[in-house]
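Structure, as structure tokens:
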Amino acid sequence: MNDQSDSSPEQIRPARTSAEQYAALELLVRDSGSFQLARDISLILDQAEAGEFDLTNLLVACSSLNEQNSSPNILGSILLIVQPDGTGLVWPPSVSTKNVIPEKRNELRDRLLEQATSIAQSHHCSHMQCSVNADQELEVKSFQKCGFQELGNMLFLMRTFDKKSEELKSIKNKSLKLIPYQKVIDESQLANLIERTYEDSQDFPELQGKRTGEQAIRSHRTQGKYHPEWWLVIEQKGVAVGILFFAEHTELAQVELIYIGIIKKYRNQGFAKGALAQAIRKFKREEQSLFLGVDARNLSAVKLYESLGFEKISRQRIFFHSLNNPEK
């Protein structure tokens, strides 16, 4: 009989071996709705080996009866990634439907999430964040019990660089310049500029004031391959009006727009659209695509991206938990 009984208490701990890592990731990736399970797991393991993906806090729940087993029976798993900006990114807990009786599954999810939260607090994370595919089944009660709130949906859009767009050709502003930030400002000035673009932002306004510009810089540098020349200051007639950051995901043959922000007093003047159109023309990477994520409630931004040829590809639910940890 495979089902675990109440007489078999589970131990929650980091995955110790490659076999445990694979079994843990198999649960997580399967629950995420992957259509190519083996490929996606191999990609994560390759990224981890290259130092691009952190599996330090890949936690597994296994029966104490199987501790001496060379192939332990993994009953559940969760992944916490501690970001440089003090954010704890969570891959939602997954529990085996084969080896755990229905009555115990929610309890085990709660324990996995509680353990991940405890580790995040020990690392002095300011908050935790989790994104889940909108069509993925999720036990929301587990998140609520641990203090998470659902903020809304993140909408992902994509376009290919070689896609024809008459609108793109018509958007030209000769006085609008895109300049690598290192040529015009230092890092402290960049952090200040980021914070100015946060003011009254329509992208997840609940998160305003939750992180500084310096924290944002550290976080953005971990998103894909960092190219300093792809972090751009948007200038209009010599005045900085906003910023535009890109990152490369070589393994996916994709470029990500990781952040675009316009200072409040310069909004609604076409600078975001003009800058992005100019950037797309500049890249011209025919074998790659460009993708981005935006708060689905930010209808004006969604409309802007669609006008530039972006198409909706997926939607994720966003959960947030403030830990209120004191500074280190």
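Shape of the stretch 205-328 from its Cα gyration tensor (a ≥ b ≥ c, root eigenvalues): rounded if a/c is under 1.5, otherwise prolate when a/b > b/c, or oblate?
rounded
Quick check for you: with a 1.4 Å probe and neighbouring chains kept, what is the accessible area per residue of the chain, in Å²?
51 Å²
Just to check I understand the Karplus step: with θ = phi - 60° and J = 6.51 cos²θ - 1.76 cosθ + 1.60, what whole-Hz values come out for the stretch 232-247, glycine and proline as x?
Couplings: 10, 8, 8, 10, 10, 6, x, 10, 6, 10, x, 9, 8, 10, 10, 9 Hz.
If one takes the longest principal axis of the Cα atoms in the chain, at what angle in degrees, from 0 to 90 and to the nearest 10, does the Cα axis of helix 271-283 lie?
Taking Cα atoms only, the helix is inclined about 80 degrees.
Looking at the P(r) of the stretch 23-123, how many percent of alpha-carbon pairs lie beyond 16 Å?
60 percent
For the stretch 71-109 and the stretch 114-163, what is the centre-to-centre distance using only Cα atoms, to the nearest Å?
Centre-to-centre distance over Cα atoms comes out at 13 Å.
Sort the chain into rounded, prolate or oblate with this rule: let a ≥ b ≥ c be the square roots of the eigenvalues of the Cα gyration tensor; rounded if a/c is under 1.5, and if a/c is not under 1.5, prolate when a/b is larger than b/c, oblate otherwise.
It is prolate, given that a/c is not under 1.5 and a/b is the larger ratio.
Given the pairs Lys141/Lys225; Lys177/Lys210; Lys141/Lys303; Lys141/Lys265; Lys145/Lys210; Lys145/Lys273, which are separated by over 32 angstrom at their Cα positions?
Lys141/Lys225; Lys141/Lys303; Lys141/Lys265; Lys145/Lys273
List the relative contact order of the stretch 184-328 as a percent without decimals, with contacts defined as Cα pairs under 8 Å and 6+ residues apart.
20 percent
Suppose every K and R has +1 on its Cβ and every D and E has -1 on its Cβ; what is the size of the dipole of the chain about the Cα centre, in Debye to the nearest 20?
In debye, rounded to 20, the chain gives about 1540.
If I compute solvent accessible area with a 1.4 Å probe over the protein chains, what percent of it on the chain is carbon and sulfur?
Of the solvent-accessible surface of the chain, carbon and sulfur hold 46 percent.
Quick one: grab the alpha carbon gyration tensor of the stretch 73-168, order the square roots of its eigenvalues as a ≥ b ≥ c, and give me rounded if a/c is under 1.5, else prolate or oblate depending on whether a/b is larger than b/c.
On the way: a/c = 2.53, a/b = 1.64, b/c = 1.54.
Verdict is prolate for the stretch 73-168.
When only C-alpha pairs under 8 Å and at least 6 residues apart count, what is the relative contact order of the stretch 84-205, in percent? Mind dumping the intermediate values first?
On the way: 56 pairs, mean separation 31.1, N = 122.
Reported as a whole number, the value is 25 percent.
What whole number of Å gives the distance from the Cα centroid of the stretch 25-48 to the Cα centroid of the stretch 227-263?
Rounded to whole Å, the Cα centres lie 29 Å apart.
List the relative contact order of the chain as a percent without decimals, with contacts defined as Cα pairs under 8 Å and 6+ residues apart.
21 percent
Starting with the highest mean, order 116-122, 82-88 by the number of other Cβ atoms within 10 Å, averaged over the residues of each peptide.
82-88, 116-122
The values are calculated or read from the model by the stated rules, or taken from the named source; none is laboratory data. Nothing here was measured: the structure is a model prediction, and the numbers come from that model. Neighbour counts run over all protein chains shown; Cβ positions are idealised from the backbone, glycine included. All accessible areas refer to the heavy atoms of the entire protein, side chains included, with ligands and DNA or RNA removed. Shrake-Rupley method; radii C 1.70, N 1.55, O 1.52, S 1.80 Å.
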